[in-house]
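Written below as structure tokens is the structure these notes are about.
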Amino acid sequence: MTETRKDVIRETDAEAVRLAKTLIRSARFGAVAVIEPGTGAPLASRVGVATDIDGAPLILVSMLSAHTGALVADPRCSLLLGEPGKGDPLAHPRISLICRALRLERGSAVHARAERRYLNRNPKAKLYAGLGDFSIFRLEPERASLNGGFGKAYLLDRADLITGGPIVEELAVGEQSALDHMNADHGDALCVYARHFGRAEGDGWIVTGFDADGMDLVSADATCRVFFPRPLGAARELRSVLVEMAKTGRAAASHSSES
């Protein structure tokens, strides 16, 4: 009697999608795998990573690098994200994105937005981002394989990872001014978001990006993904949601200190 093999892939649910987005939005680096021209052999390399406002990964790479030439020759690639942490590295969540790389044209609006978001996340890259041999590639996800730890495997498609609709462009228009305002005048609120909603420790948190689902915070080399209580339906909702979250976080902190 032949025993039916148990399907190891779990049904994708909201928790899996949230974990996938957390891994992508939190990443500062990853391993990109490309197809080597001429041989067809796989070639993997570490790259710095940020995300566009809709969730697509962004990489800034030198045209002199072997993996960049491979992307130009064949845009098919994959991107592995997820830090191992302490203990068994295979017990920590990671995600592999199957993508097609799109080289962004310098001077275009989409390039300006991508560069702004990439440098907000990776400010040290300002030293070389403007050099002529560096280009930004947007990695368009087609599907993904998520491993949330032992026995937690999921398959996701593009719709699970990418935000669409007018909200993307609406947020992009005023995003930088909102970031500058929060970082200059509301550092205390940013710490509340990181500690209460992101369960992060430490001080000195700044916000590097807003999107329809939430915000990305950094403090030195630490990153923190914070989701809004509900996705934004329009850019004008951002301020009220931030105010609401600050009140909630401060009330929780006050209650805890009184207990």
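The conditions of being exposed (fewer than 14 other Cβ atoms within 10 Å of the Cβ), in contact (Cβ under 8 Å) with a residue 40 or more places away in the chain and over 15 Å from Met182 (Cα atoms) are met by Gly233. Open to solvent by 40 Å² or more (accessible area, probe 1.4 Å), in contact (Cβ under 8 Å) with a residue 12 or more places away in the chain and touching a helix residue (DSSP H, G or I) at 6+ places or on another chain (Cβ under 9 Å): does that describe Arg143? Spelling it out, Arg143 is indeed open to solvent by 40 Å² or more (accessible area, probe 1.4 Å), in contact (Cβ under 8 Å) with a residue 12 or more places away in the chain and touching a helix residue (DSSP H, G or I) at 6+ places or on another chain (Cβ under 9 Å). Here is the figure for the stretch 189-208: residues that are without any contact (Cβ under 8 Å) to a residue 24 or more places away in the chain and either closer than 19 Å to Glu83 by Cβ or in contact with a Phe, Trp or Tyr (Cβ under 8 Å, 6 or more places away or on another chain) (or both) total 5.
Scanning the stretch 200-231 for residues that are part of a loop (DSSP other than H, G, I, E, B), out of contact with any Gly (no Cβ under 9 Å at 6 or more places or on another chain) and modelled with pLDDT of 95 or more returns Ala200, Pro229, Arg230.
Please state which one of Thr208, Thr223, Thr248, Thr163 is β-branched (Val, Ile, Thr) and open to solvent by 60 Å² or more (accessible area, probe 1.4 Å). Result: Thr248 is the single residue among Thr208, Thr223, Thr248, Thr163 that is β-branched (Val, Ile, Thr) and open to solvent by 60 Å² or more (accessible area, probe 1.4 Å).
The residues on offer are Ser108, Ser177, and the sole one that is free of Cβ contacts under 8 Å to residues at least 60 places away in the same chain and either more than 25 Å from Phe227 (Cβ to Cβ) or surrounded by 16 or more Cβ atoms within 10 Å (Cβ to Cβ) (or both) is Ser108.
A Cβ distance below 9 Å, combined with a sequence gap of six or more or placement on separate chains, defines the contacts here; from the stretch 20-46, residues that are modelled with pLDDT of 95 or more and buried (at least 18 other Cβ atoms within 10 Å of the Cβ) reach residues that are assigned to a helix (DSSP H, G or I) and hydroxyl-bearing (Ser, Thr, Tyr) in the pairs Val34/Thr68.
Working carefully through the options Lys124, Lys152, find the one that is out of contact with any Lys or Arg (no Cβ under 7 Å at 6 or more places or on another chain) and surrounded by fewer than 21 Cβ atoms within 10 Å (Cβ to Cβ).
The match here is Lys124.
Among the residues of the stretch 66-95, those identified as surrounded by fewer than 18 Cβ atoms within 10 Å (Cβ to Cβ), among the small types (Gly, Ala, Ser) and at pLDDT 95 or above are Ala66, Gly69, Ala73. Only one of the numbered conditions (1) on the phi > 0 side of the Ramachandran plot; (2) touching a residue at least 40 places away in the same chain (Cβ under 8 Å); (3) touching a Ser or Thr at 6+ places or on another chain (Cβ under 7 Å) is not met by Gly149, and that is (3).
Taking the conditions exactly as written (in contact (Cβ under 8 Å) with a residue 24 or more places away in the chain, over 22 Å from Leu119 (Cα atoms) and polar (S, T, N, Q)), does Thr223 satisfy them or not? Answer is no for this residue.
Of the residues Ser26, Ser78, Ser96, Ser45, which is within 21 Å of Val207 (Cα to Cα), touching a strand residue (DSSP E or B) at 6+ places or on another chain (Cβ under 8 Å) and of a type in the set (S, T, N, Q)?
Being within 21 Å of Val207 (Cα to Cα), touching a strand residue (DSSP E or B) at 6+ places or on another chain (Cβ under 8 Å) and of a type in the set (S, T, N, Q) holds for just one of Ser26, Ser78, Ser96, Ser45, which is Ser26.
Taking the criterion of being under 23 Å from Ala251 (Cβ atoms) and in contact with a strand residue (DSSP E or B) (Cβ under 7 Å, 6 or more places away or on another chain), the residues of the stretch 175-196 that qualify are Met182, Leu190, Tyr193, Ala194. Close Cβ contacts (under 6 Å, 6 or more residues apart or on different chains) running from residues in the stretch 209-220 that are more than 19 Å from Arg195 (Cβ to Cβ) to residues that are part of a strand (DSSP E or B) and of a type outside the set (Asp, Glu) comprise Asp213/Phe227.
The values are calculated or read from the model by the stated rules, or taken from the named source; none is laboratory data. Source: prediction; values computed, not measured. We place every Cβ from the backbone using ideal geometry, glycine too, and count neighbours over all the protein chains shown. With ligands, DNA and RNA removed, areas are computed over all heavy atoms of the protein, side chains included. Shrake-Rupley method; radii C 1.70, N 1.55, O 1.52, S 1.80 Å.
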